[in-house]
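Nothing in this text is a laboratory measurement; each read-out follows from the coordinates by a stated rule. In this text, all values refer to a predicted model and were calculated from it rather than measured experimentally.
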Amino acid sequence: MNAANDIINAVKSYIDTPDTKYAIMIDGDWGCGKTYLWKKTLLPMIGKNESLYISMYGLKDIKDIENEIFKALSFVGSDEDG
């Protein structure tokens, strides 16, 4: 089994578990295909309205991460036209 299949299975398990108390982070070297896997495989499987995507690129500390989460959550429910 390869890493992509492991990630896909972990995400499926996460989705099938009700009321999870944690999030999933996909970690790997720059350019290894994390965003590609997300956009081409995971997002269609999960659905845009059921997930948040936050890139860690350029974030330096937990405050930066919290700000990105807040920004992503503030757009939940809005359409592409704003």
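So what is Rg over Rh here for the chain, counting just Cα atoms and using Kirkwood for Rh?
0.96
So what is the relative contact order of the chain, in percent, for Cα pairs below 8 Å that sit 6 or more residues apart?
Relative contact order here is 22 percent.
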